[in-house]
Amino acid sequence: MWTEKYRARLIDDISSQPVVKQVMRSVVQGSGMCNTLFHGPSGTGKTSAAHAVCRALFGPRLFPDRVLDINAGDESGIAMVRDRIKRFSMLMLGAKDPGWPCPDIKVVILDEADSLTIEAQSALRNLMETSAHNTRFIMICNKITRIIDPIASRCQLFFFPSIPRGAIREHLLRVLAAEGLTDPNDVLRDVAGAAGGDMRAAINMMEMCRDGDHRSLDRRAFDILTGKPPSGVILGPSHRETRVWSCCSCTYTPML
């Protein structure tokens with residue numbers, strides 16, 4: 001899928017979010033890493049930023065040993081905190097990779113942290129204290145109001161706003177060029193607007209707008225995805241007839 005193929009791997013590759021990128025660069029340069037909470041709408045680069053800073057700290061060889069990546073949407077109970085995270089925090093640190101900063105810590109990336117139960121968050125709060133000497137947490141969520149105050153107060157908070165339309169369009173242009181596609185009807189501009197600041201949604205939408213030969217973006221495919229009836233279906237107010245347009249299982253009947 002294009003969302004994974006073109007996911008940002010480096011800090012500088014993250015679209016928009018200048019404040020977050022500046023802080024992450026300082027962390028990599030040795031300013032020290034604290035527990036962090038990334039929050040904001042979907043598709044704004046939160047998960048990509050967490051992985052990018054860990055990659056910059058530990059490098060590809062040590063990343064699997066120093067980073068535990070958990071999706072709390074799949075495991076949201078207290079057992080996950082007591083078993084997986086606690087066991088990981090108790091592991092001894094291995095040798096460093098001289099080509100990377102490799103601070104004396106491990107990192108737990110907890111995606112969809114707002115899915116954690118209250119009991120799991122309470123256990124996590126205690127673990128954050130007892131493992132503070134060797135473990136840092138990067139928590140990622142859409143709704144910060146679902147994170148209990150004792151955890152939020154122990155983290156440095158970063159809000160990821162929706163990505164501007166112009167930044168989305170620039171990234172989509174790079175994807176378009178990498179895939180060798182053309183856009184004769186300027187579908188990409190409308191995709192960037194319809195995404196509503198969500199880069200992941202924009203990339204998914206553009207991927208689904210390819211024509212059958214995968215040579216260009218198809219205007220009709222975009223119209224179907226966004227629920228817009230094809231041109232010529234809706235008649236002017238002087239017409240008294242009603243035309244019905246159907247696609248798959250959906251039917252659109254304009255009121256004229």
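Of note:
- Restricting the range 1-44 to residues that are assigned to a loop (DSSP other than H, G, I, E, B) and either charged (D, E, K, R) or over 22 Å from Glu112 (Cβ atoms) (or both), the residue that is nearest to the chain's Cα centre (by Cα): Arg7
- Yes/no for Thr135 being buried (at least 20 other Cβ atoms within 10 Å of the Cβ) and under 23 Å from Ile118 (Cβ atoms): yes
- For the range 94-105, the set of residues classified as more than 18 Å from Ile138 (Cβ to Cβ) and not basic (Lys, Arg) consists of Gly94, Ala95, Asp97, Pro98, Gly99, listed by residue number.
- In the set Gly32, Gly45, Gly99, Gly94, only one residue is of a type in the set (Gly, Ala, Ser) and surrounded by 15 or more Cβ atoms within 10 Å (Cβ to Cβ); that residue is Gly45.
- Counted residues, the range 202-222 - those being part of a strand (DSSP E or B) and among the charged types (D, E, K, R): 1
- Residue match in the range 148-162 (condition: over 30 Å from Ile118 (Cβ atoms) and free of Cβ contacts under 8 Å to residues at least 40 places away in the same chain): no
- Whenever a residue of the range 36-52 is in the same structural domain as Leu68 (by TED's automatic domain parsing) and under 10 Å from Ile163 (Cα atoms), its partners that are β-branched (Val, Ile, Thr) and surrounded by 23 or more Cβ atoms within 10 Å (Cβ to Cβ), lying with C-beta atoms within less than 7 angstrom and at least six residues away or across chains, give the pairs Thr44/Ile163; Gly45/Ile14.
- Residue list for the range 117-140, filter: under 19 Å from Gly77 (Cα atoms), touching a Lys or Arg at 6+ places or on another chain (Cβ under 8 Å) and outside any helix (DSSP H, G or I): Ile140
- Qualifying residue in the range 229-244 (condition: surrounded by 15 or more Cβ atoms within 10 Å (Cβ to Cβ) and modelled with pLDDT under 80): yes
The values are calculated or read from the model by the stated rules, or taken from the named source; none is laboratory data. Fair warning: this is a prediction, and the values are worked out from it, not measured in the lab. So basically every Cβ, Gly included, is an ideal-geometry build from the backbone, and we count neighbours across all protein chains shown.
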